[in-house]
Amino acid sequence: MIESRKEEFIQLYEKYRNERGTIATSDEVFMEMLNLFIISTKVSDKKRTARLILKTKPSMSGNPLWSFIDEDELNRVIKPKAP
């Protein structure tokens, strides 16, 4: 998640949460994945979510929500630097 855009995403997510329907679209599922990455406190949860987000790149990179993603951060979460 691009740190400077985190608050903007959270506001967008709150608006979405209040308006969402009963059947999720692919955009809504993607938004939930981004939110899970932000709110995850366990390293294993962050890694799992980062992998899922990166797996969606071929189909979601054209999505406006992709602009909130910092791919370098996701890769660092998945493969942290060795000490």
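Since every read-out is calculated from the coordinates, none of them should be taken as a lab result. Computed from a predicted model, the values in this text were never measured in an experiment.
With all projection directions averaged, the alpha carbon convex hull of the stretch 3-77 covers 5.1 nm².
If you fit an axis through the alpha-carbon atoms of helix 43-55 and take the longest principal axis of the Cα set of the chain, what angle between them do you get, 0 to 90°, nearest 10? Computed tilt is about 70 degrees.
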